[in-house]
Every structure is written in C-alpha cells, then in structure tokens.
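The values are calculated or read from the model by the stated rules, or taken from the named source; none is laboratory data. Just so you know, these numbers come straight off a predicted model, no measurement behind them. Neighbour counts run over all protein chains shown; Cβ positions are idealised from the backbone, glycine included.
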Amino acid sequence: MQRQIQMFMDQGAVAAVVQIRWPDGEWSRAYGVRDLDTKTPAQPTDRVQIASVTKTMTAVAVLKLVDDNLIGLDDPVNDVIPEFTAALKPPGPISVRQLLSHTSGMPEVNDALPRDVDFRPVLSRPLTMERGIQLAGTLPWTASSVGSFAYSNTNYLALGLLIQTLRHKPFAQVMNEEVFEPLGLKNTSLDRIGPHETGLLHGYVTLRGERIDTTDNTFMAGSPGGGAVSTVEDMNLFMAGLFQGRALSAASLREMKTTPGFAPYGLGIWEHADGCSIKSRHEARGSFWDYQTVAVSSDDGRYQAAMTVTTPPMPTELEDESSEDRRELLDGQIESTLNETLDRLCEPAR
C-alpha cells in the first residue's frame, strides 16, 4: 500500500488518504498536502468530495423506501417523480430497479452540458435535480436503450426527486436522518463547501496551462448522484454498516448485491472478486476531474478499505482528451491497490 501510494505521489498527486479496517485492527495514513498554496500536510481525517460514492448512499435511502412499503422495486416511477414524464419523455414504464441499476436507458445529463474548454461558468451554477432532469430531457431517450446497462447520472437525480416526493422532505434532510446519522457518519454532508474551510482536501485542474482550484462544489452540492463530502473513515463506516446488515432489511440488501447480468453493478454498488471468499466484494466508486475515490467492503462487512487520491493537476478532457484516460488509469490503480491489500489481510471464509 505504501509503495503504491508513493507511486501516485511521484506521478504528481496532490494528496492521498486511506483507511483499511479488518477484524483485528485499523490502519490509516495521509500523504501529500491539503492545498498547493499553504502546503499544509494532509491528514487522514480530512474531508473530500466523494463523487459517485454518493450514489451508493442514495441507493440505501431508496431501498429504505421499499422497506417501508412506500414503493416497490419494480413499480414504475413515471407518474410518481415530478416532471419525469413531461421533461424526460420516457419511451415506456421505468421502474425503481432500472434507475438504481443504470438499466433505464435514460440519457446522461452531462452530455447536455456546454462543452466549452473554459468550464468555470458551468461549475459556478448549481446542477439541481430539477435542472438536471430538464437538461437530460433535451436528449433523445429511445425504447431500444431500455434494459441495457448504461451509466447515467440522470438516474440518480430522478431517484433524489423520488425520495423527496415519498418522504415529503428535502433530499439532504432525508439522507441525514435515514443514512448519515444512523450509521454514525459524523463528517459526511451534502452541504456546499468553500475553499477556505479547514480540514479539506483541495482539488485542481489546469486551464490553458494555468492551475485552477476547483474545491468549491457549487455545481454538485446536494446532488444525489455525486454531491456528498466525506472522509475515508466515514466511507468505511458506511460500507461496514451496510454490509453488516444495519442499514437495510436482509431482502433489500440481497437485491442491492444482485447484478442484472449486463455489468458488475447491482443497485448502486459495483462488484469485485474477493481473494478470500466465493462471494464478491462490493465497491462504491467516485471520479471527478480533481479526485478519485474508491471504497471497498467484503460481503460480510468484516473488511473495508477506502482511498481518495487528489488527482495531479491536469487539463479536463474538454481541453485534452487524453486526460480522461489518465484519470481512469488512476482510478483502476486505486481499486486494485485496495483489493490486493484486502487479499493479503483477509482470512479465507469458513
């Protein structure tokens, strides 16, 4: 783990924070700096934008709706989610399960955003759930796309609206009451963060060679698809609570782990081989321009590993398409590092 993280740092990463948990202990470390101006050393307790790890948390809140008999997994949402039919024009009935598993065929909201090299005007405006649905509705949604796996952030914007509608409360309030507080996530929120807050890992990209601090999360704050800010400890607490059965009914947790067969993805969670068990590990993954995050748990919730790496400052894919490949490579290296570490720590299941 230390050798691998040192490689990330040698390749220009600003920071890396990690925590590993196993039945006999816990190990956490931080490398690099919180920000490139003050060069304050990063700490294991630092908060960071966790991108699509948020989706796994949102999926828990959705499955709690199912547990509370407010909706069924295979019930259509067309007439339940406000503006769903009017804005998105779905080609047929779309179920809760299809939204959770990215098999709705729904167009990707990011494809409807401006593609200007200067991304700053886009990031300065919040992408609310309602606005995201309206933007995605400008793209075609064909009947042939329904039923196949196609990762789309719009699915989770719709699920956030579903949660609000059925709970009669703001999405962030529901997440606090139903997910964060019950599982002891004291440093996790959906709030907007400013770059001047303390205990925060700063993110960066470059624009025409100039380094830009992209820590301000105005664009994503509160989003059910990627708006959470958390710590590696809280992500591990979340995964432990979920897979130890303290978040959902046994039936809902079983459904969450079940992949539809098109991709290693269940209901808000990725699947990965476990070197110590015939059952799979489960992963929440998040990728922004400026941060790469992976959280892993064993199927029984006895082992967890979470890491965030602050990506080396580089152009967005709007300016340099090769940047996306570099970020994806880093994401894969983080995932393999965490899983190899757990493979060496874990004991074969009895």
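Here residue 197 clears all of (1) out of contact with any Asp or Glu (no Cβ under 9 Å at 6 or more places or on another chain); (2) at pLDDT 95 or above; (3) outside any helix (DSSP H, G or I); (4) not polar (S, T, N, Q) except the condition numbered (2).
Having 3 or more residues that are within 17 Å of the chain's Cα centre (by Cα) is the bar; report the helices (runs of 4 or more DSSP H) wholly within the stretch 12-131 that clear it.
Counting at least 3 such residues, we get 53-67.
Could you go through the stretch 132-139 and let me know if any residue there is at pLDDT 95 or above, farther than 15 Å from residue 55 by Cβ and crowded, with 24+ Cβ neighbours inside 10 Å. Yes, the stretch 132-139 contains a residue that is at pLDDT 95 or above, farther than 15 Å from residue 55 by Cβ and crowded, with 24+ Cβ neighbours inside 10 Å. Among the residues of the stretch 267-288, at least one is within 18 Å of the chain's Cα centre (by Cα), outside any strand (DSSP E or B) and closer than 30 Å to residue 118 by Cα.
Filter the stretch 167-195 for residues that are in contact (Cβ under 8 Å) with a residue 12 or more places away in the chain, surrounded by fewer than 17 Cβ atoms within 10 Å (Cβ to Cβ) and charged (D, E, K, R); which is farthest from residue 245 (Cα to Cα)? Across the stretch 167-195, the extreme among qualifying residues is 192. Flag not set for residue 157, criterion: more than 21 Å from residue 56 (Cβ to Cβ) and crowded, with 22+ Cβ neighbours inside 10 Å.
Of all the numbered requirements in (1) of a type in the set (A, V, I, L, M, F, W, C); (2) surrounded by 21 or more Cβ atoms within 10 Å (Cβ to Cβ); (3) in a loop (DSSP other than H, G, I, E, B), residue 318 misses one, and that requirement is (2). For residues that are hydroxyl-bearing (Ser, Thr, Tyr) and in a strand (DSSP E or B), scanning just the stretch 289-305, find the one that is surrounded by the most Cβ atoms within 10 Å (Cβ to Cβ). Here the residue is 297.
Condition first: part of a loop (DSSP other than H, G, I, E, B), at pLDDT below 95, surrounded by fewer than 23 Cβ atoms within 10 Å (Cβ to Cβ) and not small (Gly, Ala, Ser). Can you find one or more residues in the stretch 241-259 that meet it? Yes, the conditions are met somewhere in the stretch 241-259. If the condition is being surrounded by 14 or more Cβ atoms within 10 Å (Cβ to Cβ) and in a helix (DSSP H, G or I), then the stretch 1-11 contributes 4, 5, 8, 9.
Regarding the stretch 42-57, can at least one residue be identified that is crowded, with 22+ Cβ neighbours inside 10 Å, closer than 30 Å to residue 187 by Cβ and among the acidic types (Asp, Glu)? Yes, the stretch 42-57 contains at least one residue that is crowded, with 22+ Cβ neighbours inside 10 Å, closer than 30 Å to residue 187 by Cβ and among the acidic types (Asp, Glu).
Considering (1) under 18 Å from residue 309 (Cβ atoms); (2) part of a loop (DSSP other than H, G, I, E, B), the lone condition that residue 205 does not fulfil carries the number (2). Among the residues examined, residue 327 qualifies as among the charged types (D, E, K, R), surrounded by 19 or more Cβ atoms within 10 Å (Cβ to Cβ) and in contact (Cβ under 8 Å) with a residue 24 or more places away in the chain. Within the stretch 214-240, the set of residues being touching a Leu at 6+ places or on another chain (Cβ under 8 Å), surrounded by fewer than 24 Cβ atoms within 10 Å (Cβ to Cβ) and acidic (Asp, Glu) comprises just one member, 216. Just to be sure before I move on: is residue 219 in a loop (DSSP other than H, G, I, E, B), hydrophobic (A, V, I, L, M, F, W, C) and under 21 Å from residue 125 (Cβ atoms) in the structure I sent? The answer is yes for residue 219.
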